[in-house]
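Computed from the coordinates by the stated procedures, all read-outs in this text should not be read as laboratory data. Computed from a prediction, not measured in an experiment: that's the story for all the values here. All Cβ positions, glycine included, derive from the backbone under ideal geometry; neighbour counts span all protein chains shown.
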């Protein structure tokens, strides 16, 4: 599975219902669960922050890593970014949403549907506990 990055897309998508979705990507060089945004005018931003390490014996791993001074910074990215997610209605299964966004120096050049866009995803099987009523 691995780590990924979160992407919020405010740039106009071809599927209006997907505009509010939270997306993931593995197309960026760093996969640290950070937050990125594609703005309405097509700029790629990263939510940067400073980190502070705090040793604490009560913490699950013996320490905390604090994010401080959070701010949005432009990203000079030139490549293709694939963003994807799934969404659906209860009882009807999920649908895969995938987009390929082409960037040049941090600015959107183009956007199109990505691999497997629009395919229905199999519904997870009901657990035996639910079906054994």
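Which order do 78, 85 fall in if you start with the one that has the fewest other Cβ atoms within 10 Å? It would help to have the intermediate numbers written out before the result.
Values: 78 11, 85 18.
Sorted ascending by nearby Cβ count, the order is 78, 85.
GNM on the chain, C-alpha springs below 10 Å: top fluctuator among 113, 84, 66?
66
Can you put 53, 72, 96 in order of Cβ neighbours within 10 angstrom, beginning with the fewest?
Sorted ascending by nearby Cβ count, the order is 53, 72, 96.
How high is the relative contact order of segment 5-131, in percent, counting Cα pairs under 8 Å that sit 6 or more residues apart? List each step's numbers first, then the result.
On the way: 256 pairs, mean separation 24.3, N = 127.
Relative contact order comes out at 19 percent.
Mind checking the alpha-carbon convex hull of segment 5-131 and giving the volume per residue in Å³?
Working: hull volume 19.3 nm³, N = 127.
It is 152 Å³ per residue.
Could you work out how far the C-alpha centroid of segment 44-91 sits from that of segment 1-37, in angstrom?
12 Å
Using just the helices of the chain, give the 222 nm mean residue ellipticity in deg cm²/dmol: DSSP H runs with n ≥ 4 each add -39,500 (n - 2.57), and the total is spread over all residues, rounded to 500.
Working: 1 runs with 4 residues, N = 133.
About -500 deg cm²/dmol.
Taking the number of other C-beta atoms within 10 Å as the exposure measure, put 100, 121 in order starting with the fewest. Please report the intermediate quantities before stating the final value.
On the way: 100 17, 121 13.
Fewest to most other Cβ atoms nearby, the residues stand as 121, 100.
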